[in-house]
Amino acid sequence: MLNVTPSNLMQEVRSAEIARDDILKESSELWDEYAAGHGKSNSGKAIAENHPYQYVSTHLPNLVYSNPRVNVTTTMPISQKETAVAMRAGLNQWVRDVNLANFLNHTAMDFFFDYGIVLATLEDRPGYHGHSEDVPMTVNVSMITPNQFIIDPACNKAEEARFMGHEIFYDKDDLVDISKEKPELGWNHEMLTLAVTSEREADAATSTKGGTPPRNQVKVFEIWVPEYTLSEGELPDSWKKASDEDEEEGEEDGQDGQGNPVDPAKAEYDTPSRAQGYHGTIFTILEYQSHDESKQQAYARQPQPYFGPPWGPYTIFGCHIVNKQPFPYSPLQATKKQADHFNKISLAMAADTAAYKKFILATGQDEADKIKNVKNGDVEVFPEFDPGSIGDFEVGGITDQQLRQHSVAADRLDRNSGLSATQRGAPAAGVTATAESIAAGSSDARTSWHKHRFTMATSELLKTVSWHFYYADEIRFPLGQESLKSIREESRKLLTQDGMNPIEAEQLVNSVELEPIFEGGDRELPGSLASWYSLGLEIDPYSMEKTDEALTQKRSLEILKTMSEIIPIMLQTPQYDWAGFIDSTIGQSNNMPNLSQYFPSNNGMEDQMSSAMINDQGSSSNPVDGQLRSQMAGAQDNANLMGQAATG
């Protein structure tokens with residue numbers, strides 16, 4: 001078991017900071033090059049080729065350009081089909097609510113330069129304070145910069161880390177007030193009162209770049225230790241319940257629910273367990289606790305049980321894997337040496353270009369004056385002209401050798417960075433379209449790994465969010481119009497899979513008015529295999545990246561051709577679930593999730609059928625009978641996580 005005493009945890013933190021800073025020592029130069037001359041990022045380093053900017057501006061739109069679309073499946077397609085539909089609607093609405101694409105843009109920058117860190121926590125839903133005591137909650141995501149994140153440096157990979165954490169700066173006065181006014185939160189009032197402000201205050205006060213005045217802040221580390229579970233005696237006061245504050249029905253003072261005597265001095269505790277969703281413990285320590293050494297052996301806050309997924313609150317966005325190291329390797333770090341070499345050659349060429357001079361040398365003063373003052377088109381008379389007395393000379397400038405070196409260095413850097421001439425907007429002269437296509441294919445193969453790793457990390461983040469959606473009873477939020485369309489479509493698919501005619505299924509889902517509300521919470525049946533772990537989550541292909549205009553045009557023409565071929569077949573066979581087939585195959589592959597809306601609906605195809613066939617199916621002005629409406633009442637359960645929709 002990891003030694004979690006405050007003094008030992010601080011030693012672990014210092015060791016993790018040293019390992020982290022060693023990894024990040026080159027990335028600060030990369031950031032300076034990227035933002036050369038922009039505010040405090042300017043280090044004064046001379047650059048001729050801004051490779052980081054070129055790399056980011058080329059690859060960022062292809063990495064994350066719009067909000068991801070999430071698809072949720074289940075290995076329990078009967079007992080959990082409504083849960084999967086609701087989880088999908090909830091996740092996609094949450095992605096829109098927080099505008100995840102904008103957040104991922106910032107994370108992608110760390111992904112290119114270092115590695116991105118995202119923290120997911122349960123927080124009160126904004127805008128509900130003061131309206132009700134029962135404040136709904138949601139999942140909040142925040143970006144942790146790499147130089148604020150710490151991880152066990154002794155582990156071989158992040159999944160094996162014995163601790164993770166991050167640093168936070170708090171206003172000391174605010175923490176002191178909170179610790180006094182809300183003691184149930186577990187903050188150590190005495191320690192915070194004596195706490196020494198962070199050394200960042202001195203740096204800010206003497207800084208020539210900002211001149212920020214001291215803010216009287218303290219530096220706090222929050223450390224998640226997954227292997228440590230608090231025992232009954234270690235539980236914080238927020239878990240402690242006096243017997244007279246939680247009386248059960250039939251319980252009297254001094255007795256429990258069965259009439260047995262209870263020691264009034266003994267408190268009762270809810271002990272956290274993995275079965276309840278608690279995985280590990282959050283420890284909080286101060287960087288500078290006090291000038292008094294005797295005060296250095298306490299936590300800044302009582303250790304808190306961590307409610308969250310087993311892999312913890314952090315998601316690491318890393319590109320390349322390094323063996324026996326928890327720190328990922330970024331693409332810009334991998335090419336930094338080559339970029340520096342290329343930059344030196346470019347700087348040398350720039351210096352030689354600045355030193356370039358072209359002049360005329362004459363042996364006589366009269367010739368020199370005439371040459372100096374002569375204008376274009378003038379005729380000058382030289383009585384005794386000697387061609388050997390006048391010469392045209394050049395000094396400095398770029399040599400052919402430098403041009404060849406520059407070309408070789410540029411090709412090597414572009415090749416290893418996955419940048420082709422076409423991607424940079426300047427196709428190489430004299431290169432055939434076939435050769436350029438081969439080069440672009442090689443570049444795509446190299447950069448596709450970056451897309452894969454970033455998409456996988458985004459999926460891990462959404463898995464963390466979905467875990468909270470599944471197990472946190474306090475989560476509640478409206479799903480909105482887009483989610484309503486999705487729920488109707490998924491309900492129609494489920495009814496069709498259950499054997500209902502697609503035409504009747506579409507009429508049924510459109511006839512019921514819904515105002516869906518997503519409600520989280522674990523309602524697993526005892527002995528059932530259905531749980532969060534039986535759900536599968538994936539991001540729809542092409543949903544995050546920028547679509548190429550030429551490719552979009554090509555796909556549009558292909559879709560028009562497909563429509564002309566498939567619509568006659570749809571009209572002849574309206575009993576099949578054509579909308580589901582179109583959206584899940586053609587629509588998904590072309591990044592058009594609602595493509596079926598451009599095809600005839602089942603209602604539209606019904607108009608093509610003969611009236612006799614309609615009568616045979618029992619169609620009338622109101623084809624939805626009591627049995628179908630009963631089925632739709634079950635389909636409404638898709639509006640929330642465990643089958644409790646709010647209908648309007």
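Being more than 29 Å from Gln497 (Cβ to Cβ), among the hydrophobic types (A, V, I, L, M, F, W, C) and modelled with pLDDT under 70 is the filter here, so list the residues in segment 538-595 that pass it. Matches in segment 538-595: Ala550, Leu551.
Among the residues here, Val139 does not qualify as hydrophobic (A, V, I, L, M, F, W, C), surrounded by fewer than 18 Cβ atoms within 10 Å (Cβ to Cβ) and either closer than 18 Å to Ile475 by Cα or touching a Leu at 6+ places or on another chain (Cβ under 7 Å) (or both).
For segment 162-182, the criterion of being within 30 Å of Ala457 (Cα to Cα) and of a type in the set (D, E, K, R) is satisfied by at least one residue. Please verify whether segment 266-276 includes one or more residues that are modelled with pLDDT under 90, part of a loop (DSSP other than H, G, I, E, B) and farther than 25 Å from Thr121 by Cα. Checked against the condition, which is being modelled with pLDDT under 90, part of a loop (DSSP other than H, G, I, E, B) and farther than 25 Å from Thr121 by Cα, segment 266-276 yields at least one hit. On the basis of being in contact (Cβ under 8 Å) with a residue 12 or more places away in the chain, closer than 30 Å to Leu535 by Cβ, open to solvent by 10 Å² or more (accessible area, probe 1.4 Å) and out of contact with any Phe, Trp or Tyr (no Cβ under 9 Å at 6 or more places or on another chain), does Glu29 make the cut? Here the answer is no, as Glu29 does not meet what is asked.
Note on segment 105-129: among residues that are touching a helix residue (DSSP H, G or I) at 6+ places or on another chain (Cβ under 9 Å) and assigned to a helix (DSSP H, G or I), the one that is most open to solvent (accessible area, probe 1.4 Å) is Asn105. Summed over segment 61-81, the residues that are crowded, with 17+ Cβ neighbours inside 10 Å and part of a helix (DSSP H, G or I) give a count of 3. Note on segment 368-394: residues that are in a helix (DSSP H, G or I) and modelled with pLDDT of 75 or more amount to 6. In this structure, Val225 does satisfy being modelled with pLDDT of 90 or more, in contact with a Gly (Cβ under 8 Å, 6 or more places away or on another chain) and surrounded by 13 or more Cβ atoms within 10 Å (Cβ to Cβ). Residues that are open to solvent by less than 80 Å² (accessible area, probe 1.4 Å), touching a residue at least 40 places away in the same chain (Cβ under 8 Å) and assigned to a helix (DSSP H, G or I) were ranked within segment 143-176; the one that is nearest to Asn188 (Cα to Cα) is Leu175. Here Leu100 clears all of (1) open to solvent by 10 Å² or more (accessible area, probe 1.4 Å); (2) at pLDDT 90 or above except the condition numbered (1).
For residues in segment 1-26 being among the acidic types (Asp, Glu) and open to solvent by 30 Å² or more (accessible area, probe 1.4 Å), which is farthest from His166 (Cα to Cα)? Can you show your working first?
Filtering segment 1-26 down to residues among the acidic types (Asp, Glu) leaves 12, 17, 21-22, 26.
Within this subset, residues satisfying the condition of being open to solvent by 30 Å² or more (accessible area, probe 1.4 Å) are 12, 21-22, 26.
Details: Glu12: 13, Asp21: 14, Asp22: 17, Glu26: 21 Å.
Within segment 1-26, the match that is farthest from His166 (Cα to Cα) is Glu26.
The values are calculated or read from the model by the stated rules, or taken from the named source; none is laboratory data. In this text, all values refer to a predicted model and were calculated from it rather than measured experimentally. All Cβ positions, glycine included, derive from the backbone under ideal geometry; neighbour counts span all protein chains shown. Ligands, DNA and RNA are stripped out before the accessible areas are found, and what is left, the full protein with its side chains, is counted by its heavy atoms. Shrake-Rupley method; radii C 1.70, N 1.55, O 1.52, S 1.80 Å.
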